[in-house]
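**Q** Structure below; questions to follow.
Each reported figure results from applying straightforward, stated rules to the coordinates on display, with no laboratory input. All values derive from a computational prediction rather than experimental measurement. Backbone-built Cβ (ideal geometry, glycine too); neighbour counts: all protein chains shown.
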Amino acid sequence: MELIDQIFDIQSNEDFEKVALEVYSFQKDNCTVYSEYLNALNKPEPANVSEITFLPISFFKSHKVISGDSQEQVLFKSSGTSGERSQHFVLDTELYKKSFIAIYKDQIGDPKDQVILALLPNYLEQGESSLVYMVDELIKQSESQLSGFFLENHSDLITNYNQAIASGKSVVIFGVSYALLDLAELKPNLSKATIIETGGMKGRRKELSKKELHAALKKGFDCPSISSEYGMTELLSQSYSSSDGKFDQPAWMKIMIRDINDPFSFVREGKSGGINIIDLANLNSCSFIATQDLGKMTNNQFEILGRFDNSDIRGCNLLIE
């Protein structure tokens with residue numbers, strides 16, 4: 001069985017360990033940036049997942065992180081609100097689609113049964129967004145003329161929502177935080193929609209905690225709960241939370257919480273620290289990433305608690321050139 005097939009066939013922790021070590025070996029041999037980072041640190045070969053070395057996410061701003069020498073099919077860039085934008089050179093868009101469609105169907109539902117409305121103005125304006133690419137594909141799969149993207153045309157979104165509900169369709173609304181707050185100020189009744197906030201004020205509004213944001217949105221939309229999507233430009237997989245702010249992971253993804261004082265060790269369950277992500281679907285890039293986010297794990301679910309104060313997590317300074 002090919003490595004890609006093994007990734008999407010993971011059924012147990014044992015499967016994950018085995019495939020993760022295979023992916024590590026592949027990327028060590030084929031991802032120049034990751035290989036040089038490993039060599040500079042001079043770490044021993046990992047015997048299990050907890051011994052794998054994670055690449056600081058800042059390298060996606062300074063280096064071309066790919067495994068192999070193929071030409072990328074698409075280049076994604078981060079939203080860039082903090083300056084330099086991260087870049088993800090995606091060699092296989094079908095692999096990305098396979099990952100995000102499977103996750104969405106498992107955690108949110110089949111897009112064919114839904115009308116999907118997207119309120120992601122800043123991502124559309126900047127372009128080269130992996131989130132827009134994902135939502136656009138989900139909109140296509142919904143096969144509904146009511147589905148689509150909306151900029152400032154809130155009245156059209158509300159009209160499409162009402163028509164979808166009247167026709168018996170489920171409605172999913174993706175929205176960046178500040179745009180959802182703008183919509184919530186109109187006090188539309190969206191109580192039957194699944195509302196998925198994708199995070200970020202993008203410099204447009206005062207930053208709020210998740211609890212404050214969700215409380216404002218629930219009040220504005222007259223809905224019982226708000227869901228969240230956790231994803232990033234550098235990954236090919238996402239996680240979704242329901243009303244409690246706790247995120248589930250697909251079988252080929254694993255969250256590990258590192259000690260903030262020792263980036264090469266991990267904390268016990270329930271304790272907060274830096275979020276390390278294994279995304280095995282990210283086969284043609286780097287699957288082992290140390291993010292700038294803070295969080296904690298409880299019962300195989302994770303929570304987002306904030307971000308590191310420093311603007312970048314720097315790795316080995318031998319590679320910052």
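**Q** Tell me, what is the percent relative contact order of the range 133-209, built from C-alpha pairs under 8 Å that lie six or more residues apart?
**A** 25
**Q** Work out the P(r) tail for the chain: percent of alpha carbon pairs separated by more than 34 Å, whole number. Write down the numbers at each step before the final one.
**A** Values: 11255 of 51360 pairs.
Tail of P(r) above 34 Å: 22 percent of Cα pairs.
**Q** Calculate the translational D of the range 45-179 in whole µm² s⁻¹ from Stokes-Einstein, where the hydrodynamic radius comes from the Kirkwood formula applied to all Cα pairs, the temperature is 37 °C and the viscosity 0.692 mPa s. Please list the in-between numbers first.
**A** Values: Rh = 17.1 Å.
In µm²/s, the coefficient rounds to 192.
**Q** Follow-up question, since we're still on this one. Against the globular-protein guess of 2.2 N^0.38 Å, express the Cα radius of gyration of the range 108-230 as a ratio, rounded to two decimals.
**A** Numbers: Rg = 13.3 Å, N = 123, 2.2 N^0.38 = 13.7 Å.
Taking N as the residue count of the range 108-230, the ratio is 0.97.
**Q** Taking the Cα centre of the range 108-230 as origin, sum charge times position over the Cβ atoms of Lys and Arg (+1) and Asp and Glu (-1), and report the length of that vector in debye to the nearest 20.
**A** Details: 13 positive and 16 negative charges, 96 e Å.
That gives the range 108-230 a dipole magnitude of about 460 debye.
**Q** I would also like to ask the following. Angle between the Cα long axis of helix 154-166 and the longest principal axis of the chain, 0 to 90 degrees, nearest 10?
**A** Value to nearest ten degrees: 80.
**Q** If you restrict to DSSP beta bridges whose two residues both lie in the chain, what percentage is antiparallel, to the nearest 5?
**A** Numbers: 30 of 47 bridges.
Bridges in the chain are about 65 percent antiparallel.
**Q** In whole Hz, with x marking every Gly and Pro, tabulate ³J(HN,Hα) for the range 226-233 from phi via Karplus 6.51 cos²θ - 1.76 cosθ + 1.60, θ = phi - 60°.
**A** 10, 9, 9, 10, 10, x, 7, 3
**Q** Before anything else, pin down the relative contact order of the chain: Cα pairs under 8 Å, at least 6 apart, normalised by residue count, whole percent. Working shown, then result.
**A** Values: 597 pairs, mean separation 59.4, N = 321.
Relative contact order, the chain: 19 percent.
**Q** Relative to the first principal axis of the alpha-carbon coordinates of the chain, what is the inclination of helix 210-221, with its axis defined by its Cα atoms, in degrees from 0 to 90 and to the nearest 10?
**A** Approximately 20 degrees, to the nearest 10.
**Q** Expressed as a rounded percentage, what relative contact order does the range 213-306 have, with Cα pairs under 8 Å and six or more residues apart?
**A** Values: 177 pairs, mean separation 19.9, N = 94.
Over the range 213-306, the number comes to 21 percent.
**Q** Let me ask something else about it. Of Lys112/Lys187; Lys169/Lys219; Lys211/Lys246; Lys61/Lys211, which pairs sit farther than 20 Å apart, going by alpha carbon to alpha carbon? Please report the intermediate quantities before stating the final value.
**A** Details: Lys112/Lys187 28 Å; Lys169/Lys219 23 Å; Lys211/Lys246 12 Å; Lys61/Lys211 30 Å.
As for pairs spanning more than 20 Å Cα to Cα, those are Lys112/Lys187; Lys169/Lys219; Lys61/Lys211.
**Q** Relative to the Cα centre, what is the charge dipole magnitude of the chain, using +1 at the beta carbon of each Lys and Arg, -1 at the beta carbon of each Asp and Glu, and rounding to the nearest 20 debye? Walk me through the numbers before you get to the answer.
**A** Numbers: 31 positive and 45 negative charges, 225 e Å.
Its charge dipole is roughly 1080 debye.
**Q** Based solely on C-alpha atoms, express the radius of gyration and the Dmax of the range 1-105 in angstrom.
**A** Looking at the range 1-105, its Cα Rg and Dmax stand at 15.1, 42 Å.
**Q** Follow-up question, since we're still on this one. Could you pull out the GluC sites (Glu not before Pro) across the range 101-210 that fall in loop regions by DSSP (anything but H, G, I, E, B) with no more than 15 other Cβ atoms inside 10 Å?
**A** Glu143, Glu152, Glu185, Glu207
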